[in-house]
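Below is one structure, written out as structure tokens; the observations come after it.
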Amino acid sequence: MPLRMTFPKDYPGPSNISFSISNLVLVFFALLSITILSQKHRLKGMSSRSKASDMDVSSFCSVTGASPKDARKFLDKYKRLDAAVDAYYSNSGAFAASTKPQGNAPSTSKLNALFDSYKDPDSEDITINGTIKLCEDLEKDPEDVVLLAVAFELKSPEIGRWTRKGWVDGWKANGCDSLPAMKNAVVRLGNQLSSDSAYFRKVYLYTFDLGRTDGARSLGMESAQAFWSLLIPFGLKGGALSHISSTDDDDDDVDMNGVEGWRPEFTEWWFEFLNEKGGKGVSKDTWSMFLDFMRSIDAKFEKYDMEAAWPSTIDYFVDFAKERLGSKA
């Protein structure tokens, strides 16, 4: 006897059940589509952020010469490219391995060949004519302040002279054995000279010996003022000569309270004072301590300590500057 199934009176029937299941399936796939689209949108956003980060890393490496690995460290910490670059130059010792470009070791033979292409045929060194040609190839004016940083790196014995040893060792230390690499290094050195107080000090102090004539104990007044005219505006613009609250060697001791320090017009006053004073040269003591003076003096010259061990030339200049300020009041 065949079995007969009985259903409740309110049973919707097979056709209605099929319709209900179809609706559920449609709802399921609709929700699935929304989920997939949402996931794609999220991944696209992540990809865009990754691409932006890669662009920042590339820009950071181009400016500083750091490795991509260390570029990411600074960018991850400081978030913005400009803040990361500033932090890199302000903390140049934080990643010692990053201060020079990474890659294969530069070729000594290539560097020697480049040196020979600029070398004076009547000398063992590159001299004035070769220096002019080098500047043309680097696309830099011979009077560009960055050439002082290059001279420091290559241990140039005097303006317009480069030895083979200094050339090879200096460019090697900067990861260069070709003109394109040298051009990039010069850009990096210029940025570092402008913004890194510790590096600025090294180049500044080296410039004294670079500019002295043989046997002279002082730097000629005309040369000293020419070098100051190059270095001071560059350091002020980039922050290497930012005001500090003391003359200690700790360059992290930056006065962030808005105290205004050295102004461009003070440089003109300094030159006027020296010319009126009539000296023929600038001693090494005055040259070196003038750097600390510029970074520590306040804009009104009120915090200058006459009892400190400043050179007398700077003592007299403070009196001169105070009179100038008084006459302007």
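Is it true that Gly220 is open to solvent by 10 Å² or more (accessible area, probe 1.4 Å) and more than 22 Å from the chain's Cα centre (by Cα)?
Working: open to solvent by 10 Å² or more (accessible area, probe 1.4 Å): yes; more than 22 Å from the chain's Cα centre (by Cα): yes.
Criteria met by Gly220.
Just to be sure I understand the filter: pairs with C-beta atoms under 9 Å, separated by 6 or more residues or on different chains, first member in region 297-311 and over 9 Å from Trp262 (Cα atoms), second member surrounded by 12 or more Cβ atoms within 10 Å (Cβ to Cβ) and of a type in the set (Ser, Thr, Tyr). Which pairs pass?
Within 9 Å, the pairs are Lys303/Ser296; Tyr304/Ser296; Ala308/Thr247; Trp310/Tyr304; Pro311/Ser283; Pro311/Thr286.
(1) modelled with pLDDT under 95; (2) under 18 Å from Ala321 (Cβ atoms): which one isn't true of Val254, the others all being true?
Failed condition: (2).
Let me spell it out: the conditions are (1) under 22 Å from Leu219 (Cβ atoms); (2) open to solvent by less than 10 Å² (accessible area, probe 1.4 Å); (3) among the polar types (S, T, N, Q), and Asn174 meets all of them except one. Which number is the exception?
(1)
Every residue, every condition in (1) at pLDDT 75 or above; (2) of a type in the set (D, E, K, R); (3) at negative phi, yes or no:
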{"residue": "Arg80", "(1), (2), (3)": "yes, yes, yes"}
{"residue": "Val85", "(1), (2), (3)": "no, no, yes"}
{"residue": "Ala96", "(1), (2), (3)": "no, no, yes"}
{"residue": "Lys100", "(1), (2), (3)": "no, yes, yes"}
{"residue": "Pro106", "(1), (2), (3)": "yes, no, yes"}
{"residue": "Leu114", "(1), (2), (3)": "yes, no, yes"}
{"residue": "Tyr118", "(1), (2), (3)": "yes, no, yes"}
{"residue": "Arg161", "(1), (2), (3)": "yes, yes, yes"}
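Might you let me know whether region 162-169 holds any residue that is among the hydrophobic types (A, V, I, L, M, F, W, C), surrounded by 16 or more Cβ atoms within 10 Å (Cβ to Cβ) and within 29 Å of Asp292 (Cβ to Cβ)?
No.
The values are calculated or read from the model by the stated rules, or taken from the named source; none is laboratory data. On a predicted model such as this, the values are computed, not experimentally measured, just so you know. Here the Cβ is made from the backbone with ideal geometry for all residues, glycine too, and neighbour counts use every protein chain on show. Side chains included, ligands, DNA and RNA excluded: accessible areas come from the protein's heavy atoms. Shrake-Rupley method; radii C 1.70, N 1.55, O 1.52, S 1.80 Å.
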